[in-house]
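Visitor: The structure is given below, and queries will be raised subsequently.
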Amino acid sequence: MNTLTQTLDTATPALDQSAAAPEHHDAREESAHQALRFLTAGSVDDGKSTLIGRLLLDAQGILSDQLDALERRAAGAPIDLSLLTDGLEAEREQGITIDVAYRYFATPARKFIIADAPGHEQYTRNMVTAAAGSDAAVVLVDITKLKLSGDASSPAQGKGTTGSPLPSVTLLPQTRRHSLLAHRLRVPSIVFAVNKLDALPPEQAQQAFEAVSAALRQFADEAGLVPSAIVPVSALRGDGVATPSAHWNWYQGPTLLQVLEGLPAAGEAHEGALLMPVQFVSREDAHGSTEPTAGRPSGTGHQPRVIWGRVARGSVRPGDPVVVFPSGQTALVASVRHAGVEVDGCEAGQSAGIVLDRHLDISRGDWLLTPGSAAPTDSFSATLAWLDTEPAVPGRKYWVRHGHRWVQTRLLSIEHRLDIHDLSTSAAAQLEVNEIGRVQFQLQQPLPLQPYAENRVSGALIVVDPSTNRTSGALLVEQGL
């Protein structure tokens, strides 16, 4: 299974089918402390993996045997925190990250899911993978790679807090690229972390940080994005990551971890009609335990069939009417399960097991909807991030996955190619690997699509090449046609 498919599958939490005595509780308590999913991105060797290692270390998210192994490997030298995420052998040999490494940690205030995205331009497709479902992006800026020009021929960026003119700064292309990609992929929050300030003389650190901050704000204004914060850090030393720096008394703002703890998770679509992709169907015995129905006769016994999935929009409660897509069959919700127990209802973002008041032919890939709420379409325009070395060519047929449903499709046209350096557009006969464009697709069967800006579940699809079974692209729906 490819990386993007795994990402989309794991975006749905494992469904608890454990046996439990039926009881009622309010499943909405689960949403009280939503985990924040964020990615780290930036130029090559900006310190992304080291930053994640620092967060894990300072948040006590490293097992003692892992820490012991790192200390033995260091042989008395400072431990290499990047090894906590650079798990592939090729990464360790080259000192880079070439896949998306996921890690989990928690503080007393919040839980986090973090993804370390590659910095090399040829791995931009992996950054697209990491952005899928992320609530925030932390874009690292290595201050040691930037040229701060203070000569008379360079335009000043104004004055710093000390009153001295700020030197001009030219940001690296990959910093712009990843920021624009995160913005284009609608990652809700973008945080800039200016790293390696510890490599500068203490008397230069403040002015350098303020100059880079000014350059980042100017770039953000031009790109139409609003950064949530710009934070000075030293991932290696730990300054400004989870604890304030003892070396930078000029900075009185929050640490990076404090910024992350305060960011909102991507808002779930709690309002509106029900929209739930069916992940699988099971049967429940008299003791409340369940097992999948695959390979069993559909009409065996009187055991209730439980329809499992993650609510993508709205809510579901006993007594609600539902319609099955694509069959059009209707029923009423008899009961709702969550985490192994019967509950009063589930809302967007929560995993639910639904029992209907009658037997319907439902399987993986179907959708449960509020009657009359969806207008399925068989053609749409979308933003396409192309991930395959084989180019995307109009007229070619592909498979797309929407929720858990696979449908054949054809690429109708490429409206334009997007330059991810400056967001300008140009005509294109095809899209090459790592390129992004606006396209139109024709589906063999209608799907209940929504614009990605409105719903990140029903507005997202993956594209698979039927000849190679490779994940070829990621689609963000703009509108139905």
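Visitor: Just to verify a result, which residue in segment 45-70, among those that are at pLDDT below 70 and in a loop (DSSP other than H, G, I, E, B), is farthest from the chain's Cα centre (by Cα)?
Guide: Only one residue fits best here, namely LEU63.
Visitor: Would you pick out the residues in segment 470-481 that are assigned to a loop (DSSP other than H, G, I, E, B) and more than 24 Å from ASP388 (Cα to Cα)?
Guide: To start, the set of residues in segment 470-481 that are assigned to a loop (DSSP other than H, G, I, E, B) comprises 470, 481.
Within segment 470-481, LEU481 is the sole residue that qualifies.
Visitor: Among the residues of segment 346-377, which ones are modelled with pLDDT under 95, touching a Ser or Thr at 6+ places or on another chain (Cβ under 8 Å) and of a type in the set (Gly, Ala, Ser)?
Guide: Those that are modelled with pLDDT under 95, touching a Ser or Thr at 6+ places or on another chain (Cβ under 8 Å) and of a type in the set (Gly, Ala, Ser): ALA348, GLY349, SER351.
Visitor: Out of everything in segment 459-474 that is surrounded by fewer than 24 Cβ atoms within 10 Å (Cβ to Cβ) and of a type outside the set (Val, Ile, Thr), what residue ends up being nearest to ASN126 (Cα to Cα)?
Guide: If we take residues in segment 459-474 being surrounded by fewer than 24 Cβ atoms within 10 Å (Cβ to Cβ) and of a type outside the set (Val, Ile, Thr), then ARG470 is nearest to ASN126 (Cα to Cα).
Visitor: Does THR293 satisfy the criteria of being crowded, with 18+ Cβ neighbours inside 10 Å and at pLDDT below 55? Walk me through it before giving the result.
Guide: Values: crowded, with 18+ Cβ neighbours inside 10 Å: yes; at pLDDT below 55: yes.
For THR293, the condition - crowded, with 18+ Cβ neighbours inside 10 Å and at pLDDT below 55 - is met.
Visitor: Could you please let me know if LEU423 is of a type outside the set (Ser, Thr, Tyr) and either over 29 Å from PRO173 (Cβ atoms) or in contact with a Pro (Cβ under 7 Å, 6 or more places away or on another chain) (or both)? Talk me through it step by step, then tell me what you get.
Guide: On the way: of a type outside the set (Ser, Thr, Tyr): yes; either over 29 Å from PRO173 (Cβ atoms) or in contact with a Pro (Cβ under 7 Å, 6 or more places away or on another chain) (or both): no.
So LEU423 does not fit the description; no.
Visitor: Can you tell which of SER458, SER467 is in contact with a strand residue (DSSP E or B) (Cβ under 9 Å, 6 or more places away or on another chain), among the hydroxyl-bearing types (Ser, Thr, Tyr), in a loop (DSSP other than H, G, I, E, B) and more than 22 Å from LEU180 (Cβ to Cβ)? Quick ask: steps written out before the conclusion?
Guide: Numbers: SER467 fails: in contact with a strand residue (DSSP E or B) (Cβ under 9 Å, 6 or more places away or on another chain).
Of SER458, SER467, the one residue that is in contact with a strand residue (DSSP E or B) (Cβ under 9 Å, 6 or more places away or on another chain), among the hydroxyl-bearing types (Ser, Thr, Tyr), in a loop (DSSP other than H, G, I, E, B) and more than 22 Å from LEU180 (Cβ to Cβ) is SER458.
Visitor: Kindly evaluate GLN408 against the criterion of being in contact with a Leu (Cβ under 9 Å, 6 or more places away or on another chain), surrounded by fewer than 18 Cβ atoms within 10 Å (Cβ to Cβ) and part of a strand (DSSP E or B). It would help to see each step written out before you state the result.
Guide: On the way: in contact with a Leu (Cβ under 9 Å, 6 or more places away or on another chain): yes; surrounded by fewer than 18 Cβ atoms within 10 Å (Cβ to Cβ): yes; part of a strand (DSSP E or B): yes.
Spelling it out, GLN408 is indeed in contact with a Leu (Cβ under 9 Å, 6 or more places away or on another chain), surrounded by fewer than 18 Cβ atoms within 10 Å (Cβ to Cβ) and part of a strand (DSSP E or B).
Visitor: Being at pLDDT 75 or above and farther than 13 Å from LEU476 by Cα is the filter; apply it to segment 121-136 and report the residue that is surrounded by the most Cβ atoms within 10 Å (Cβ to Cβ).
Guide: Going through the qualifying residues, I end up with ALA130.
Visitor: Moving on. Determine if segment 421-431 includes at least one residue that is part of a strand (DSSP E or B) and either hydrophobic (A, V, I, L, M, F, W, C) or under 18 Å from VAL477 (Cβ atoms) (or both). So that I can check it myself, show each step before the final result.
Guide: First pass over segment 421-431, keeping only residues part of a strand (DSSP E or B): 425-426, 431.
Now narrow it down to the ones that are either hydrophobic (A, V, I, L, M, F, W, C) or under 18 Å from VAL477 (Cβ atoms) (or both): 431.
Taking every residue of segment 421-431 in turn, at least one turns out to be part of a strand (DSSP E or B) and either hydrophobic (A, V, I, L, M, F, W, C) or under 18 Å from VAL477 (Cβ atoms) (or both).
Visitor: Which one of these does LEU481 not meet: (1) closer than 17 Å to TRP399 by Cα; (2) in contact with a Phe, Trp or Tyr (Cβ under 7 Å, 6 or more places away or on another chain)?
Guide: Here LEU481 clears every test but (1).
Visitor: Follow-up question, since we're still on this one. If ASP388 passes every condition in (1) surrounded by fewer than 18 Cβ atoms within 10 Å (Cβ to Cβ); (2) touching a strand residue (DSSP E or B) at 6+ places or on another chain (Cβ under 6 Å); (3) assigned to a loop (DSSP other than H, G, I, E, B) but one, which one does it miss?
Guide: (1)
Visitor: Restricting to segment 172-183, give me the number of residues that are in a loop (DSSP other than H, G, I, E, B) and closer than 16 Å to LEU225 by Cα. I'd like the intermediate steps shown before the answer.
Guide: Quick first cut of segment 172-183, residues in a loop (DSSP other than H, G, I, E, B) only: 172.
Now narrow it down to the ones that are closer than 16 Å to LEU225 by Cα: none.
Selection size over segment 172-183: 0.
Visitor: Which numbered condition trips up VAL400, out of (1) assigned to a loop (DSSP other than H, G, I, E, B); (2) of a type in the set (A, V, I, L, M); (3) at pLDDT 90 or above?
Guide: (1)
Visitor: Count, please, the residues in segment 184-241 that happen to be polar (S, T, N, Q) and closer than 23 Å to LEU55 by Cα. Talk me through it step by step, then tell me what you get.
Guide: First, pick out the residues of segment 184-241 that are polar (S, T, N, Q): 189, 195, 204, 206-207, 213, 218, 228, 234.
Retained after the next criterion (residues that are closer than 23 Å to LEU55 by Cα): 189, 195, 213, 228, 234.
Residues meeting the conditions: 5.
The values are calculated or read from the model by the stated rules, or taken from the named source; none is laboratory data. On a predicted model such as this, the values are computed, not experimentally measured, just so you know. Heads up, the Cβs are rebuilt from the backbone with ideal geometry, glycines too, and the neighbour counts pull from every protein chain shown.
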